[in-house]
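J.: Sharing a structure here in structure tokens format.
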Amino acid sequence: MKSTKKITIEQTAQQIKQCNSIALFAHTNPDGDTLGSCIALSLGLKKLGKTVEIFCDQPITGKLATFELTKLVHSEFFGKYDLYVAVDCGDVFRVGEFSCLYDSQKETLTIDHHGGACFSKYNCLYQYASTCQIVYEILKCLDIEFDATIATYLYMGLCTDTGNFSNSSTDADSHKMASELIPLGADFQYINRTFFRDIELNELKLHARVLSRMRTYYDGQMVLLYVHQSDIDEFGLDNTVTTGLVHYANDVVTAKVAVCVSQDGENAYKVSMRGKNFNVREVCQYFGGGGHLLASGCRICGYFEDVIEQLVRVVGFTI
Ligand SMILES: [Mn+2]
């Protein structure tokens, strides 16, 4: 059994200070927080003369790839380091293809905010809204001189993980950090536009189609959207475009239960649910899924109209 230890931000800064070479691991399916954290940390540590490399088990694509410094991220591992750091990873499997490699190292450190268990030798775990907030404090402890680039990458993680300062993890500390990063030159307008406004024309056309056939039940308390594989194929998109569609349904004023049903194989459907004062986890558990009280998911097999009918019936038990 490996020994693991929880350490503070100050102790983390000390630990990092003692190392000359550091490997940072972003999680698989990278997001703005893991990459923003890795890049900001690497820029800061390079100012202290450290050798730092960033690894992620897959190439950076899409919106994230429009940020120039994501090219610092390697998808093939190389080298030997004094310290191996898992960034924004709630468990060792989040390191993806590099999990075994990571786990076999002696000097490991987790920097994370998901409230998971200790899986590294050192574990810097704080329940902040984003890992970037922890990284920001570590860099402050190390007396790094902040510049606009570091501020921009820190802002990227903060802004994306808080859902543009709107989800329930957003608090005064996240706003305070933003207020400190903006005078440092964080390009908040570019980040806002890129992550929360920019959309491919065909993706917007798919949204238009999906919205035009929105269904409502129980006097508008249940609002349902659906996406067939043929819709996605016709617009030349991939299945990631269904992420977030459920918010449209949830935004309807009368909605207590928002549902997005998207095809996931032949006669199989992925269901994403959001609730407003309504326990959607219970509904999803009925179908073998789960999640949070107000945000859950499940997968249902069957013919499309049968799947819809079952969903409407089960929601009807409690609405
Ligand atoms: Mn995160």
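The values are calculated or read from the model by the stated rules, or taken from the named source; none is laboratory data. If you're wondering where the values come from, they're calculated on a predicted model, not measured in any experiment. Positions of Cβ are backbone-derived with ideal geometry, glycine not excepted, and every protein chain shown enters the neighbour counts.
J.: I'd like the residue in segment 90-122 that is surrounded by 16 or more Cβ atoms within 10 Å (Cβ to Cβ) and part of a helix (DSSP H, G or I) and, out of all such residues, is farthest from the ligand (Cβ to nearest atom).
T.: Ranking the qualifying residues of segment 90-122, first place goes to D103.
J.: Out of curiosity, is V259 surrounded by 17 or more Cβ atoms within 10 Å (Cβ to Cβ) and in the same structural domain as V312 (by TED's automatic domain parsing)?
T.: Details: surrounded by 17 or more Cβ atoms within 10 Å (Cβ to Cβ): yes; in the same structural domain as V312 (by TED's automatic domain parsing): yes.
The answer is yes for V259.
J.: Given the criteria within 29 Å of L184 (Cα to Cα), in the same structural domain as I138 (by TED's automatic domain parsing), among the aliphatic types (A, V, I, L, M) and assigned to a loop (DSSP other than H, G, I, E, B), does I54 qualify?
T.: no
J.: So D33 passes all but one of these: (1) among the charged types (D, E, K, R); (2) surrounded by fewer than 23 Cβ atoms within 10 Å (Cβ to Cβ); (3) more than 19 Å from Y81 (Cβ to Cβ). Which condition number does it fail?
T.: Answer for D33: the failing condition is (2).
J.: Residue under question is F77, and the condition is that it be crowded, with 19+ Cβ neighbours inside 10 Å and not β-branched (V, I, T); does it hold?
T.: Working: crowded, with 19+ Cβ neighbours inside 10 Å: no; not β-branched (V, I, T): yes.
Against the criterion (crowded, with 19+ Cβ neighbours inside 10 Å and not β-branched (V, I, T)), F77 does not qualify.
J.: On to the next question. Return the pairs, sorted by first residue and then second, in which the second residue is among the hydroxyl-bearing types (S, T, Y) and more than 10 Å from the ligand (Cβ to nearest atom), the first residue lies in segment 14-41 and is part of a helix (DSSP H, G or I), the beta carbons are less than 7 Å apart, and the residues are 6+ apart or on different chains.
T.: Q15/Y122; L35/T70; G36/Y153; I39/Y153; A40/Y153
J.: Where in segment 182-297 are there helices (runs of 4 or more DSSP H), lying wholly inside it, with at least 3 residues that are more than 30 Å from D147 (Cα to Cα)? Step through it out loud before you land on a result.
T.: On the way: elements: 188-196, 201-212, 229-234, 246-251, 280-286.
Because the criterion is at least 3 residues that are more than 30 Å from D147 (Cα to Cα), the helices (runs of 4 or more DSSP H) in segment 182-297 that meet it are 201-212, 229-234, 246-251, 280-286.
J.: Regarding L43, is this residue more than 16 Å from the ligand (Cβ to nearest atom) and either buried (at least 23 other Cβ atoms within 10 Å of the Cβ) or in the same structural domain as F146 (by TED's automatic domain parsing) (or both)?
T.: On the way: more than 16 Å from the ligand (Cβ to nearest atom): yes; either buried (at least 23 other Cβ atoms within 10 Å of the Cβ) or in the same structural domain as F146 (by TED's automatic domain parsing) (or both): yes.
In short, yes.
J.: Can you name every residue in segment 62-89 that is assigned to a loop (DSSP other than H, G, I, E, B), within 20 Å of the chain's Cα centre (by Cα) and farther than 18 Å from H27 by Cβ?
T.: Taking segment 62-89 as the starting set, the residues that turn out to be assigned to a loop (DSSP other than H, G, I, E, B) are 66-67, 75-82, 88-89.
Filter once more, so that each one left must be within 20 Å of the chain's Cα centre (by Cα): 66-67, 75, 88-89.
T66, the sole residue that qualifies.
J.: Would you point out the residue of segment 123-151, among those that are away from the ligand (no atom under 14 Å from the Cβ) and small (G, A, S), that is surrounded by the fewest Cβ atoms within 10 Å (Cβ to Cβ)? First the steps, then the outcome.
T.: Of the residues in segment 123-151, the ones away from the ligand (no atom under 14 Å from the Cβ) are 123, 137-151.
Cutting the leftovers down to small (G, A, S) gives us 148, 151.
Values: A148: 12, A151: 22.
Of everything passing the filter in segment 123-151, A148 is surrounded by the fewest Cβ atoms within 10 Å (Cβ to Cβ).
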